[in-house]
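Heads up: the structure comes next, in structure tokens.
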Amino acid sequence: MALLLSLAAGAHAAVDASRRHDGAIADAVAARAAVVAELEIAGAPRRLRIPGSGGLADRWAVPVKLKTMTLGGHKVAGEARLVVMGGAAWEHAVPGQRLRATGKLRPAEPGEPEAGLLSASSAPTALQGPGPWQQGPGGLRRAFTAASARAGGDASGLLPGMVTGDTSALDPELEAAMKTVGMTHLTAVSGANCSLILGTLLLIARSLRLPRTAAAAASLAGLALFVVMVGPDPSVLRAALMGSIGLASVAFGRAGRGLSLLCVAVIGLLLAQPVLATSFGFLLSVLATLGIVVAGRRIMDWVPAAVPRWAAAGVAVPLSAQLFCAPAIVLLQPQFGAYALPANVAAAGFVAPVTLLGTAAVALLPAVSAAGELLVVVAAFFAGAVAGIARFFAALPGAALPWPEGAFGAATMGIFSATVLAAAWVALHPAAVVRAVLAAHARVVAVLEGGSREAARSAARQAVRRGLEHRSGRGTLRVRKPTSGRNHEWLLPRPNGPGPRRRTPPPGAT
């Protein structure tokens, strides 16, 4: 079965690579041709922090699907994934919208899933609007971003990022601080968001005493609406899938079943999109879920029973995810965030209110704007607390320590993560540590005593080989002379032994 799955994934990867690297589109990308392209928006626009070579200060990256292109008087039809680099006119592009634009093609970076990049030289012209199921969520996201902007402060940019994944208004200094302390996963729709939504819906359904099957179906339906609201991008779909698996493992305490579901999900996603194998986002998502599934529940069980379970989960979940993701993060950013764990633990209590209140506000703003605005204000307070935590820990000395790059850095970080996990076990199991030390001491004593007895026996054997042998209880000392094929023994003369006695002269004799 493993061989068949490998062959299927390899065949799909080969076909996908041939589409991206062969044909007229690949030739145009390699030649850096100027084209007129008809595009379909495939994802939400993302603001770029670094100005481009053309001098544009406000630059946006938009994932698109190429439908047709015209170059050199010829029209080429084909489908390929591109990323458009354009100015402020691309900020309002909506997924599902069809546009026409001019620009110059250029190759993408090695390992990227896109066939190339399109540097737009003109504003886009709308050819077809998005469908109703795409236009509605886009309007909700824009209304929530506008309401968050009225909150002011760091929350105006952080709140849309934590709820809908829109980081266009995030302050660059705050973004750098969150990157330093390893909190950038909070500004994207990740498995944590999906786990919170799914867990809350499941809790509500069980509180209403719905059957287990009905509660699961209602929770999954609510999660599907959340995915549609934030945008059904591939990253969001993966996050929803991974978050569901992680929550099921922690909530039901079945790490083995959660691990099996994770393996099935990874195999299915790689079969559907083999290019995910080169995506660091997918890798980090899988590693975080793997850490929660494998170690999250065990770390919770290590915590003493006197500690509330919600507090144990607040430490166990970020710790397990951080330890498993750290070796891969080093490959992207060769530094060690000394305060990543305490920062994430401190912010964990504020993430849930921001996600839940913000999601409810997104749904209420079009219908009951006053209630939606109130929820935005409350969620902005918690988002401001998250921003304050990120800035505080990032300002501490030694917040970002240098770490080796490449494979050596990843290997050493893996060893460090294993050491931290072992240290956590030792700190939370003092009685077991004492028992293990005493057992080890007993084993060492037994080995030493066994070695001393063996040394005594060896010394006795060496004495025999030298020719002397003492037989206790007989009062004799015998000499052995080993000869070829024989082993004779001669008795030493004894004063009272049998045999002729030597004559001794009488006293006074000469």
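The values are calculated or read from the model by the stated rules, or taken from the named source; none is laboratory data. In this text the structure is predicted, and so the values were computed from the model without any measurement. With ideal geometry, Cβ positions are generated from the backbone for all residues, glycine too; neighbour counts draw on all protein chains shown. Areas reflect the complete protein model, heavy atoms only, side chains present, ligands, DNA and RNA absent. Shrake-Rupley method; radii C 1.70, N 1.55, O 1.52, S 1.80 Å.
Remarks
- Selection of region 332-353 for residues being among the aromatic types (Phe, Trp, Tyr) and within 17 Å of Leu159 (Cα to Cα) yields only Phe350.
- Residues of region 321-348 that are open to solvent by 20 Å² or more (accessible area, probe 1.4 Å), of a type in the set (Val, Ile, Thr) and touching a residue at least 40 places away in the same chain (Cβ under 8 Å): Ile329 alone.
- Just so you know, in region 295-316 the residues that are hydrophobic (A, V, I, L, M, F, W, C), in contact (Cβ under 8 Å) with a residue 12 or more places away in the chain and open to solvent by less than 50 Å² (accessible area, probe 1.4 Å) include one that is farthest from Asn193 (Cα to Cα), and it is Val303.
- The set of residues in region 317-346 being of a type in the set (A, V, I, L, M, F, W, C) and over 14 Å from Ser417 (Cα atoms) consists of Val317, Leu331, Leu332, Ala343, Val345, Ala346.
- Ala88, sole failed condition from (1) surrounded by 13 or more Cβ atoms within 10 Å (Cβ to Cβ); (2) under 30 Å from Gly384 (Cα atoms); (3) out of contact with any Asp or Glu (no Cβ under 8 Å at 6 or more places or on another chain): (3)
- Going through (1) surrounded by fewer than 23 Cβ atoms within 10 Å (Cβ to Cβ); (2) of a type outside the set (S, T, N, Q); (3) modelled with pLDDT of 85 or more one by one, Leu283 falls short only on (3).
- Any pair with Cβ under 9 angstrom, 6 or more apart, that starts in region 349-366 at a residue that is over 10 Å from Asn193 (Cα atoms) and free of Cβ contacts under 8 Å to residues at least 12 places away in the same chain and ends at one that is aliphatic (A, V, I, L, M) and buried (at least 17 other Cβ atoms within 10 Å of the Cβ): Leu364/Leu375
- When Ala446, Ala407 are checked against the criterion of being over 33 Å from the mean Cα position of the chain (by Cα) and free of Cβ contacts under 8 Å to residues at least 60 places away in the same chain, Ala446 stands alone in meeting it.
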